[in-house]
Amino acid sequence: MINLGTYLGISFALFICGIFVMIARKNIIAILLGIELILNAAALNFAAYSKFVNGNLDGHIMSLFIIVIAAAEAAVGLGIVIRFFQLRESIHIDDAASLQN
Amino acid sequence: MDYTFWTIAPIVLLPFFAFVINAFIVKKFTKTAVAISTGAIFVSFLYALRIFSDFMNVYSVGYHIHKVFNWFDLSTGAHVYKINMGIYIDNMTAVMLLMVTAVATLIHVFSTWYMHDDARFGRFFVYMSLFTSAMLGLVLSDNLLSVFIFWELMGFCSYSLIGFYYEKEGAGNASMKAFMTTRVGDVFFLVGILAIWSVVGSANYIDIYNAIAAGKFNNLTIGMFSVGVPLATFAAFSIFMGTMGKSAQVPLHVWLPDAMFGPTPCSALIHAATMVAAGVYLSLRMYPLMEAGHLTTFIAYIGAITAFGAATIALIQTDIKAVLAYSTISQLGYMVLGIGVGSYNASFMHLITHAVFKACLFLSAGSVIHSIHCQEMPQMGGLRKKLPYTFLAMLLCCFAIAGVPFFSGFVSKDRILGDALALALTDPKFIPVALLGFGGALLTAFYMFRMLFLTFFGEARDHHIYDHAHQEHIGWNSNVPLLILSVFTLGLFYSGSFTGQGEVNLFGSKYEWFNTLIHKPDAHSLPHFADYKKEELGAVDTREKLELPKAAYDATHGLSEHEAHRVHVIHQVGALASILIAFFGIFLAYSMYVKKSINPDWWAQAFPRWRTALKNKYYFDELYINKIIQKGMIPFNNALAWFDMGVFDRFAVDGWATVNRYLYNVARWFDNNVIDSAMVDGTGASVRLMNVVLRTVQSGKIQLYFMVLIVVLASYIWTLRF
């Protein structure tokens, strides 16, 4: 039976996966993917609460916003990654430890 | 006439500013500096003349100007402690001002001739200006404190002027001797001022007079002991010691003969108008204190011994300036003797008359020395023809100092001797004083004319010197000053009357202007000083003629007609005696050195021990050097030096250093271990520790930050669980 708990469980799984990816992976693109996972977990949460608790479409609209922002953020993030690659010829996260060029 | 600051102060300030200006310009503009000095003293002479003529116009015993300003204020709460300075002019000050400025002006004028080829022509005038202004300041002062300041200033100037030819070794020593000897008196003088201050609470003349009139000294007690009179004696003695130093009284006279190492015009200034006059002037001002301290007998004896002793030394001097120097000491002895026997007016008059004829004598000696470049009388002789004007001036002055009638010295000295005689006849302890006084008068007449005869009469003894001397012509700055001064050796100017309010009496009487105007502050007149008023310095002068009862100042006040007559007769006898003595002295000198009927060498051989004693000036210098300095002062200094080195230096200074070294070790330990290690380095260490921690955290590894964030957030959420 699919209820709120199911959604939250999936959402939590997604969130944990995102966190894990962000912490464990050293590839910046992979970290961006982790961030996407976390955002999606949040969006799923909005949608689930909207359906089971609130009963209106507020949460859905918020989910749509999150998707748009996630796309924008992914575009910006990838831009940064390209620029970073031009500088360091690497997308390893530990190469970004310095504040200097 | 109005008396404001600007009509009185220029008398002092003009020569002083001349000194200040000349001190800067003298090297480049010597001629200008000389002109400034001479001009300044001449203008201040005009100011003094203005004051003098005003005082002669008012012609009142009590006429005075007293302007006071607060110098500094040490009052604390209820204790009023103000140090005042001020200007005090009475008849005596007016006469002194005129004498000092007039004599100084003529000496300045003479110096422009006498010193003009000297290498330090200008510098001489710099010192002369300061010297004169210091003397004028002293005369104008209304209190002993400012008197002391000017007194010391004069001491310095005399030091500079006596040591003016500092290339000569003797000049340097003489200047030091003058300074040191007068300092002995100065220290006593300062102590005397403090003693007076402790009783009166002021050093002002009028305050002191009022305190004495009110019996403050007599009524002073500490516990059950009456200390007033001993304290007054002590104060009077200390002040008189100042006089002894400055006015060269035995035993502090030794500096004055050596002072002739200075240029002759400066000797004239020191011996006449400034330095030595200051001492007598001080004693005259402090006369009530001398009387309150019962010191007059002592003063009379010191004066008599000085007058006679110096005259005997002068008998055998061969240096023309040395004769004059000893005659100065002798004449100062007469003034002090006059103070001692209560002959106040005559003593002051002798100060004035002596200033005039002694300045003239020194300038004449300077004229002689300048023309023959020699000071030794045995090498002179017959200079009458070469130096007629100098001879004339010197002859008049010798008449004056010898006490020939109608000359100034007679008028003043005769009165002193008459008073001494009158006192000796009533009080036997003054008999030696009178005898020494008359004896000194004989010697004075003798040695002055000995000097005159040896210098100007007879044949030239050294033809080389005689032939090289230039024939003297009248010159405005060479012999005109002498002739002007010699005119004022006439007794008329001192025993007459300027205003018609007295009567002209060539033998001196109580109606002449000097006697009328100069009043002795004794028991009769002291209470009147309470009426004297002080004014603020800036106040507009509203003075009117102040008439005080003349009886209070009459010398014969309180005497019965019989006694007054007796005093009068004694004075006439004294006058007759001193005339005879003067002529006898002159006759003696004439027979010895002109007529040669008496052989002076016979006298020298008849009394060889006396001659040796006189040659050695009674061994005063030897006494001071060999006994007091070698036996007393130097061992004392050595003892003090030992105490200083052995005790004070070793225990106090070095001991303190040892204590300090220990203290320093403790302080160093504390500094190293506590301050430096714990606090300064501790701060650094703790900062470094924090740095290690924070540096590891600030790694820049973003995943680590994120993990920390997650952990913190998770633990926060964990706490919200409940």
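The values are calculated or read from the model by the stated rules, or taken from the named source; none is laboratory data. From a predicted model like this one, the values you see are computed outputs, not experimental measurements. Please note: Cβ atoms are built from the backbone with ideal geometry, for glycine as well, and neighbour counts cover all protein chains shown.
Among the candidates B:I162, B:I83, the residue that is among the β-branched types (V, I, T) and out of contact with any helix residue (DSSP H, G or I) (no Cβ under 6 Å at 6 or more places or on another chain) is uniquely B:I83. The condition of being in contact with a strand residue (DSSP E or B) (Cβ under 9 Å, 6 or more places away or on another chain) and at positive phi holds for only one of B:F399, B:F406, that being B:F406. Mind checking whether some residue in segment A:71-83 is surrounded by 14 or more Cβ atoms within 10 Å (Cβ to Cβ), within 14 Å of chain B (Cβ to nearest Cβ) and part of a helix (DSSP H, G or I)? Scanning segment A:71-83 turns up at least one residue that is surrounded by 14 or more Cβ atoms within 10 Å (Cβ to Cβ), within 14 Å of chain B (Cβ to nearest Cβ) and part of a helix (DSSP H, G or I).
As a summary of the residue check, A:A42 satisfies the conditions (1) away from every other protein chain (no Cβ under 14 Å); (2) buried (at least 19 other Cβ atoms within 10 Å of the Cβ); (3) closer than 17 Å to B:L709 by Cβ except for the one numbered (2).
Of B:L713, B:L704, which residue is within 14 Å of another protein chain (Cβ to nearest Cβ), under 30 Å from A:I93 (Cα atoms) and surrounded by 11 or more Cβ atoms within 10 Å (Cβ to Cβ)? From the options B:L713, B:L704, the qualifying one is B:L704.
I'd like to know if segment B:47-68 contains one or more residues that are under 20 Å from B:L140 (Cβ atoms) and touching a Pro at 6+ places or on another chain (Cβ under 6 Å). Looking for residues that are under 20 Å from B:L140 (Cβ atoms) and touching a Pro at 6+ places or on another chain (Cβ under 6 Å), one finds at least one in segment B:47-68, hence yes. A count restricted to segment B:662-715 and to residues that are aromatic (F, W, Y) and closer than 30 Å to A:I23 by Cβ stands at 2. Taking helices (runs of 4 or more DSSP H) as the structural unit, those lying wholly within segment B:510-616 and holding at least 3 residues that are at pLDDT 85 or above and not acidic (D, E) correspond to B:561-593. Please work out if B:F620 is more than 14 Å from chain A (Cβ to nearest Cβ), in contact with a His (Cβ under 8 Å, 6 or more places away or on another chain) and either among the β-branched types (V, I, T) or surrounded by 11 or more Cβ atoms within 10 Å (Cβ to Cβ) (or both). Yes; evaluated as a whole, the condition is true for this residue. If only residues of segment A:3-20 that are β-branched (V, I, T) and either out of contact with any helix residue (DSSP H, G or I) (no Cβ under 7 Å at 6 or more places or on another chain) or free of Cβ contacts under 8 Å to residues at least 24 places away in the same chain (or both) are counted, the one that is surrounded by the most Cβ atoms within 10 Å (Cβ to Cβ) is A:I19. When segment B:433-463 is filtered for residues that are part of a helix (DSSP H, G or I) and of a type in the set (D, E, K, R), only B:R450 remains. The residues on offer are B:Y88, B:Y63, B:Y47, and the sole one that is under 26 Å from B:F493 (Cα atoms) and part of a helix (DSSP H, G or I) is B:Y47.
Exactly one residue out of B:K627, B:K615 is in contact (Cβ under 8 Å) with a residue 12 or more places away in the chain and within 30 Å of B:L315 (Cα to Cα): that is B:K615. Determine, yes or no, whether A:D58 is of a type in the set (D, E) and away from chain B (no Cβ under 14 Å). In short, yes. Residue check: B:K358 meets all listed conditions (1) surrounded by 24 or more Cβ atoms within 10 Å (Cβ to Cβ); (2) over 21 Å from B:V109 (Cβ atoms); (3) of a type outside the set (S, T, Y) but one, namely (2). Counting only residues that are within 14 Å of chain B (Cβ to nearest Cβ), within 15 Å of A:A42 (Cβ to Cβ) and small (G, A, S), segment A:1-30 holds 1 of them.
For the residues B:R384, B:R415, the requirement of being in a helix (DSSP H, G or I), in contact with a helix residue (DSSP H, G or I) (Cβ under 8 Å, 6 or more places away or on another chain) and of a type in the set (K, R) singles out B:R415. Scanning segment B:96-124 for residues being over 16 Å from B:A359 (Cβ atoms), in a helix (DSSP H, G or I) and in contact with a Phe, Trp or Tyr (Cβ under 9 Å, 6 or more places away or on another chain) gives a total of 3. Applying the condition of being of a type outside the set (A, V, I, L, M) and under 20 Å from A:M22 (Cα atoms) to segment A:84-101 and asking which residue is farthest from the other protein chains (Cβ to nearest Cβ) yields A:F85. Residue-level analysis places B:A325 outside the set of residues that are touching a Phe, Trp or Tyr at 6+ places or on another chain (Cβ under 6 Å) and either closer than 30 Å to B:A236 by Cβ or part of a loop (DSSP other than H, G, I, E, B) (or both).
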